[in-house]
Amino acid sequence: MQIPIIVQTTGLLILSNVFMTVAWYGHLKNFSTKAWWIAALASWGIALFEYLLQVPANRIGYTTYSLAQLKILQEALTLIVFVPFAMFYMGQPFKLDYVWAGLCLVGAVYFIFRS
């Protein structure tokens, strides 16, 4: 049974976003007392895994979806990954602004995929 392109693409992009979010923001918690270049090297190491997932995700997705559709999908998934990361890992409080931002992204997804 062949896994649908949208499922392959979305799954890989979600995993990619987990690594991206940790690479971009995890150092704020884990390396806050270290020199910036140590945090940068650690982030680059984590980002390697992001790219190992993101590149195949976009190549698979581009066989069916446009560049704009892939970008909007990526942005929507970024928020889906970021909010739990911010709340549970970084200890940030939930904000209603997350809901409004999410609704805006749902609109963006609708408009980019409707045609």
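Conditions: (1) exposed (fewer than 11 other Cβ atoms within 10 Å of the Cβ); (2) within 18 Å of the chain's Cα centre (by Cα). TYR51 meets all but one. Number of the miss?
Tallying (1) exposed (fewer than 11 other Cβ atoms within 10 Å of the Cβ); (2) within 18 Å of the chain's Cα centre (by Cα), TYR51 fails exactly one: (1).
Are there any pairs, at least 6 apart or on different chains, whose C-beta atoms fall under 7 Å, with the first in the range 1-28 and under 28 Å from GLY91 (Cβ atoms) and touching a residue at least 40 places away in the same chain (Cβ under 8 Å) and the second of a type in the set (Val, Ile, Thr) and part of a helix (DSSP H, G or I), and if so, which?
ILE14/VAL81; ASN17/THR78; ASN17/VAL81; VAL18/VAL81; THR21/VAL81; VAL22/ILE46
Which one of these is touching a helix residue (DSSP H, G or I) at 6+ places or on another chain (Cβ under 7 Å) and either within 21 Å of PHE113 (Cβ to Cβ) or at pLDDT below 95 (or both): LEU67, LEU53, LEU77? Don't jump to the end; show me each part of the working.
Numbers: LEU67 fails: touching a helix residue (DSSP H, G or I) at 6+ places or on another chain (Cβ under 7 Å); LEU53 fails: either within 21 Å of PHE113 (Cβ to Cβ) or at pLDDT below 95 (or both).
None of the other options fit; the residue is LEU77.
Please tell me if ILE112 is at pLDDT below 95, under 13 Å from the mean Cα position of the chain (by Cα) and within 19 Å of THR9 (Cα to Cα).
Working: at pLDDT below 95: yes; under 13 Å from the mean Cα position of the chain (by Cα): no; within 19 Å of THR9 (Cα to Cα): yes.
Answer is no for this residue.
State all residues of the range 60-97 that are farther than 16 Å from PHE19 by Cα and either hydrophobic (A, V, I, L, M, F, W, C) or within 16 Å of the chain's Cα centre (by Cα) (or both); if no residue qualifies, say none.
Restricting attention to the range 60-97, the residues satisfying the condition of being farther than 16 Å from PHE19 by Cα are 60-73, 87, 91-97.
Passing the criteria: ILE60, GLY61, LEU67, ALA68, GLN69, LEU70, LYS71, ILE72, LEU73, MET87, PHE94, LEU96.
Name the residues in the range 68-114 that are under 21 Å from VAL55 (Cβ atoms) and of a type in the set (S, T, N, Q), would you?
Matches in the range 68-114: GLN69, GLN74, THR78.
Do any residues in the range 66-81 that are closer than 17 Å to VAL99 by Cβ have Cβ atoms under 6 Å from those of residues that are of a type outside the set (A, V, I, L, M) and assigned to a helix (DSSP H, G or I), where the two are at least six apart or on different chains, and which pairs are they?
LEU77/ASN17; THR78/ASN17; LEU79/GLY102; VAL81/ASN17; VAL81/THR21
The values are calculated or read from the model by the stated rules, or taken from the named source; none is laboratory data. Since the model is a prediction, treat every value here as computed from it, not as a measurement. Quick reminder, even Gly has a Cβ in these numbers, built from the backbone with ideal geometry, and neighbours come from all protein chains shown.
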